[in-house]
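This report concerns only the one structure given below.
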Amino acid sequence: MTLDKLKIGSSAIIKSVGGEGALRRRFLDMGLTPKTTVTMFKAAPMGDPVELHLRGYSLTIRLEDAKNIEVVEIKQ
Amino acid sequence: MIFALIGNQNCGKTTLFNQLTGSSQHVGNFPGVTVEKKEGTILRHKDASVVDLPGIYSLSPYTAEEVVTRDFLLDGGVDAVINIVDATNIERNLYLTLQLIELQLPMVIALNMMDEVRSAGTYIDIDKLSEALDVPVVPVSASKNEGVSELITVLSDIGKTGKRPRKTDFCEGPVHTAIHSVAHLVEENARKTGVPLRFAATKVVDGDKYMIQRLALNDSQLDIVGHIVDEMESALKTDREAALADMRYDYIEKLCSSFVRKHGDGETKEQKRSAKMDTVLTSKYFGIPIFLGIMFLIFWLTFGVIGTPLSDLLASGIDALSKLCEEAMTSWGVNAAVKSLVINGIFVGVGSVLSFLPIIITLFFFLSILEDSGYMARIAFIMDKLLRKIGLSGRSFVPMLIGFGCSVPAIMSARTLSSTRDRRMTILLVPFMSCSAKLPIYALFTAVFFPDNAPFVMICLYVGGIIMGILSALIFKNTVFRGKPVPFVMELPAYRFPSAKNVILHMWEKAKDFLVKAFTIIFVANIVIWFLQSFDTGFNLVQGQDSMLASIGRFVSVVFRPLGFGDWRAATALITGLSAKETVISTLAILTGSASASQPLLQTVFVSTASVVSFLTFTLLYMPCVASFSAMRREMGKTRYAVYAMCYYTTLAWIVAFIVYRIALLF
C-alpha cells in the first residue's frame, strides 16, 4: 500500500520511496528512507496535509506526495 | 577568524547566534540571491566573527538556501564550522552533520537543548560520540545560555589549531566501494579545483551536476563514474540518491543505538506537551477558528490598540515640532519656499517614514513570538490545503493576512518563507489585500455615494481585491513562476516558550532594516511630491491647481477618461496617493476647494455612480505606495522585479476599472 492510505493511528514500515527530483530528495533527507517506521499521527483540519511521526520527530507532508511512498502496515 | 553556524531549522540556531554575538550583528544578503546572511562578532572575541547560514536539512543541490550554504563553505573563506545539533531530535540532525564532515573543515558540534534531553531522562555519551565522529562535541542549552562559554573556548582552540576531522568514512559495502573508487578517479581534479576530495567524490556518486562541472571531469572519467554507479545501484537494488541517504541514516542509527540511551519512549516533556497542545490547536473543529482568533487578536492589537495610538503620538510630536519650526522661521523672516520645504517637505517626509515604525515593531513582536513558539509551522499545516490551489503553501497565509493592515511589514514578513519562488510570489500578492490606508478612501466614497449600501460596497471592494489576487496567482503560477514549487515536507517543531532576547533582537532588526533602507526612497519621494505640488513650471511658489503636479494630473487624466473619471483632480489625487494612500482624500479636498480636509466636494469631480465605482476599483488595484515599493524592491532582491510589479498592478487596475465602468454604465 502507499503511505496516503495508512489510517490515522497506524504505523508502517517504508518499503520504497518513489517520486523524483526535489520532492524525493527531500523525503530521503528528512529521514523517510526504506526500513524506517512511520506513524500516521493526524490530518490537518481540512483533511490534508497529514502529520507523521518518525525518527522521534513530527513531519508534515501532503497526501498527494505521500502516494509516492510504498509502505507495509504493521498489524497490531 | 570566520566561523560558519550551520544547523537544521528549529534547532535553536538563532538563539545560539544571539547568545554568541549579543547585539553586535548585522543582516545582509548573500550576493545575487535573496537569502539572508547574518553576521556578528563573538562576545569578548573581537577578531572572531560568526556567519549565521540558513537553516537547512541537507546539502542537496535543490534549494537556493542549500546551494548558498555549499558555496559559502567551499569558497567563503570559512575557518571553522559550528554545527548546531538538536539533541532532542538527534537522528535527523546528524544527517547534515555527516555531510558537513565531508567538507573537511575544522568543526565543532554544539549539541543543543541538552536541558530538555536530560530532564527526559535520556543519556547521551558525549565523549564516545565525539570520538566516533572525530569532532569535538560541546553540550549546550542555548536558551538558558548554558555551555556557551565552553563552546567559545573550544571554538577558539579549533580556530588556533585548525584541526580537521580525519574520519570521513561512514559507509560500508557497495556505497563504500563506489565512493572510494570515484575518489581515486577524481583526486587530481579535486585538488586543482580546490574541493575537498571526500565531498567531491560523494557528490559525484550522488550525481550532483554542479560538482561534475566544477571538477571538469572528462568523458572517459564520466564513463567510469557511470559504471561505478551502475554497479553500486545494481548491487543495492536502489538508485544513487536513496543509496547515499540510506547509508548515512544507517550509520546514524548505529551511532545512536550505541551512544544514546533513552528513558522510556525517549520523548521529552516539551514533545509530550506539544502533542497535547496540538489536540486543540490543530484539531479538526477548533484549529481554524483558533488560528483566525489569534490573527484577529494580533491585528486588533497592532493596528488598533498599540500601533495606531503610537503612530498618532509620534505624529502629534512631529506636528508640534513642525509648528515650532514654522513659528521660528516666520519670526526670522525665512523665505516662503524654504519654509514650505522644511514644513511640507521634510517634516511630512520624515513623519510618513516614522509613522510606519510603531506598526512594524508591534507586528514583528507578535510575529517573532508566532515563529519562535512553533505556531507558525502549525499555521502552514492548517492552511496549506487552501493555498495549494494557487501554487503556494500554507506559510504564505500570514504575510497575506498582514497585508490587510499594511503592505510594508507584510512584505517584510515574507522573509520567513523558505523558498525564493514562494517568497516572491507571496510578496506580489500582498498588495491585493486592501491595506488599512485605503480604508478611509473607501469609507468616504461609500458614505457620500452609497449611503444605503455602504457595507455591501465595502465588502465588494475587499473581496474584489482577494479575487484579483487569486486570479493573478493563477496567472503567475502558469507564467513567471512556472516550474515546480518547493515540496511541502515540513517539520512540526515542539512548542517552546519564545525567549525575550530573540524577540527583542528580531524587532530591533526589522525596525533598523526598515529605517535604514526605506528612509531614502520614501523621503525622496515625499520631497519630489512636495516640490511638484508647491511650484508651477516657472518655479514660482503656488497653490493647488496651478502647480506642476496639477499640470501632470491634467496630462495623465487623459488616460483615465475611458474609465469615466477624466477629471484632472482625480488623476492628481491618485498620483499623490503614491506617497501614502490616505493622501488621496486630502488632495481631493484641497483641489475641490473644500473647507474641510476630510470632506472633499466629491460630487464636483465624479459625475456618475459608474465613474465612482470605476475610481474605487482603480484605487483598490493600482500600484501600492512608495514604502511598499521600497520594501518589495529589497525583499525581491532586484529593483527590476519591483518595477515590473508596479507596471502589472497599474495595468491590471486600468483594465479591471475599464470593464467595471462599462458594466456599471449598463445599469
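Please treat every number below as a calculation from the coordinates, not as lab data. Note that the coordinates shown come from a computational prediction; the quantities given were computed from them, not determined experimentally. Ideal geometry is used to build each Cβ from the backbone, glycine not excepted, and the neighbour counts take in all protein chains shown.
Could you grab the relative contact order for chain B? Cα pairs under 8 Å, six or more apart, rounded to a whole percent.
Working: 971 pairs, mean separation 66.0, N = 667.
It rounds to 10 percent for chain B.
For B:L591, what is the net charge nearby, where nearby means another residue's Cβ is under 14 Å from its Cβ and Lys, Arg count +1, Asp, Glu -1? Display every interim value, and only then the final one.
On the way: positive: B:R554, B:R569; negative: B:D546, B:D567.
Combined, the nearby Lys, Arg, Asp and Glu give 0.
Just to be sure I understand the model, the point goes 7 Å from the Cα along the line to the Cβ. What's the resulting B:L222 to A:E64 distance in nm?
If labels sit at B:L222 and A:E64, their model points lie 3.4 nm apart.
Given only helices, namely DSSP H runs of n ≥ 4 each adding -39500 (n - 2.57), what is the per-residue ellipticity at 222 nm of the protein assembly as shown, to the nearest 500 deg cm²/dmol?
-18000 deg cm²/dmol
Using Stokes-Einstein with the Kirkwood hydrodynamic radius over Cα pairs, what translational diffusion coefficient do you get for the stretch B:2-161 at 25 °C and a viscosity of 0.890 mPa s, in µm²/s rounded to a whole number? Could the numbers behind the result be given before it?
On the way: Rh = 15.7 Å.
Rounded to a whole number, D works out at 157 µm²/s.
Rounded to the nearest 5, what % of DSSP beta bridges with both residues in the protein assembly as shown are antiparallel? Before the final figure, lay out the partial values.
Numbers: 36 of 54 bridges.
The answer is about 65 percent antiparallel.
Under 19 Å Cα-Cα from A:K75, which lysines qualify once same-chain neighbours fewer than 8 residues away are excluded?
Result set, ordered by chain and number: A:K5, A:K7, A:K15, A:K35, A:K42.
Using the alpha-carbon centroid of each, what span in Å lies between the stretch B:87-114 and the stretch B:487-551?
Cα centroid of the stretch B:87-114 versus Cα centroid of the stretch B:487-551: 41 Å apart.
With θ set to phi - 60° and the Karplus curve 6.51 cos²θ - 1.76 cosθ + 1.60, what are the ³J(HN,Hα) couplings of the stretch B:431-446 in order, to the nearest whole Hz, using x for Gly and Pro?
With the stated coefficients, the stretch B:431-446 comes to x, 6, 8, 4, 7, 5, 6, 7, 4, x, 5, 4, 4, 5, 5, 5 Hz.
Expressed in whole Å with the largest first, what are the equivalent ellipsoid semi-axes of the stretch A:3-73 derived from the C-alpha gyration tensor as the square root of 5 times each eigenvalue?
Numbers: eigenvalues 55, 37, 25 Å².
So the three semi-axes of the stretch A:3-73 are 17, 14, 11 Å.
Run the numbers for B:R273 and B:E172: contour at 0.36 nm per residue of separation, minus the present Cα-Cα distance, in nm.
Full extension of this stretch gives 32.4 nm more.
Taking R0 as 35 Å, what FRET efficiency do you get between B:R662 and B:Q599 from their Cβ-Cβ distance, rounded to the nearest 0.05?
Details: r = 30 Å, r/R0 = 0.86.
Efficiency for this residue pair is about 0.70.
Which whole-number percent is the relative contact order of the stretch B:2-161 (Cα, under 8 Å, 6+ apart)? Let's see the in-between values first.
Working: 285 pairs, mean separation 37.1, N = 160.
Over the stretch B:2-161, the number comes to 23 percent.
Percent of Cα-Cα pairs per 10 Å bin, from 0 to the last occupied bin, for chain B, please list those.
That works out to 3, 13, 21, 22, 17, 11, 8, 4, 1, 0, in percent per bin.
What are the residues whose amide H is under 5 Å from the amide H of A:L52, where those residues sit 5 or more places off or on another chain and H is modelled from the backbone?
A:F41, A:L59, A:T60, A:I61
Does anyone have the angle between helix B:307-332 and the longest principal axis of chain B? Alpha-carbon axes, 0 to 90°, nearest 10?
50 degrees
For a Förster distance of 41 Å, can you work out the FRET efficiency between the beta-carbons of B:V559 and B:V305, rounded to the nearest 0.05? Write down the numbers at each step before the final one.
On the way: r = 41 Å, r/R0 = 1.01.
FRET efficiency, B:V559 to B:V305: 0.50.
Computed over the Cα atoms of the protein assembly as shown, what is the convex hull's projected area averaged over all directions, in nm²?
Numbers: hull surface 147.9 nm².
Across all orientations, the protein assembly as shown yields a mean hull projection of 37.0 nm².
When only Cα pairs under 8 Å and 6 or more residues apart are kept, what is the percent relative contact order across the stretch B:180-292?
Details: 54 pairs, mean separation 19.0, N = 113.
The normalised contact order for the stretch B:180-292 reaches 17 percent.
Hey, what do the phi angles of the stretch B:634-640 turn into as Karplus ³J(HN,Hα) couplings, whole Hz, using 6.51/-1.76/1.60 and θ = phi - 60°, x for Gly and Pro?
5, 6, 8, x, 9, 4, 3
Evaluate the distance, in nm, between pseudo-label points positioned 7 Å from the Cα of B:E150 and of B:S373 along their respective Cα→Cβ axes.
Inter-label distance under the simple model: 3.2 nm.
If the chain between B:F497 and B:N453 were fully stretched, how many nm would it gain, using 0.36 nm times the residue separation less the Cα-Cα distance? Don't jump to the answer; show the numbers that get you there.
Details: separation 44, 0.36 × 44 = 15.84 nm, distance 4.66 nm.
Taking 0.36 nm per residue and subtracting the Cα distance, the gain is 11.2 nm.
Along Cα→Cβ, 7 Å out, is where each label goes; now give me the distance between the ones at B:T330 and B:V643 in nm to one decimal.
Spacing of the two 7 Å Cα→Cβ label points: 4.4 nm.
Go ahead and collect, in residue order, the members of the stretch A:28-54 whose backbone nitrogen is under 17 Å from a label point 7 Å along the Cα-Cβ direction of B:K284.
So the set is A:40-51.
Using the 10 angstrom Cβ neighbour count as an exposure proxy, how do B:E270, B:E188 rank, fewest first? Walk me through the numbers before you get to the answer.
Numbers: B:E270 20, B:E188 12.
Listed from fewest to most nearby Cβ atoms, that is B:E188, B:E270.
So for B:W568, B:W508, fewest C-beta neighbours within 10 Å to most, what's the order? Working shown, then result.
Values: B:W568 20, B:W508 14.
By the 10 Å Cβ count, ascending: B:W508, B:W568.
Quick check: convex hull over the Cα atoms of the stretch B:399-521, volume per residue in Å³, rounded to an integer? Walk me through the numbers on the way to the answer.
On the way: hull volume 20.7 nm³, N = 123.
In the stretch B:399-521, the Cα convex hull volume per residue is 168 Å³.
Take the residue pairs B:K163/B:K203; B:K501/B:K581; B:K167/B:K192; B:K46/B:K512 and return only those whose Cα atoms are more than 26 Å apart. Present the calculation step by step, with values, prior to reporting the outcome.
On the way: B:K163/B:K203 23 Å; B:K501/B:K581 35 Å; B:K167/B:K192 22 Å; B:K46/B:K512 23 Å.
As for pairs spanning more than 26 Å Cα to Cα, those are B:K501/B:K581.
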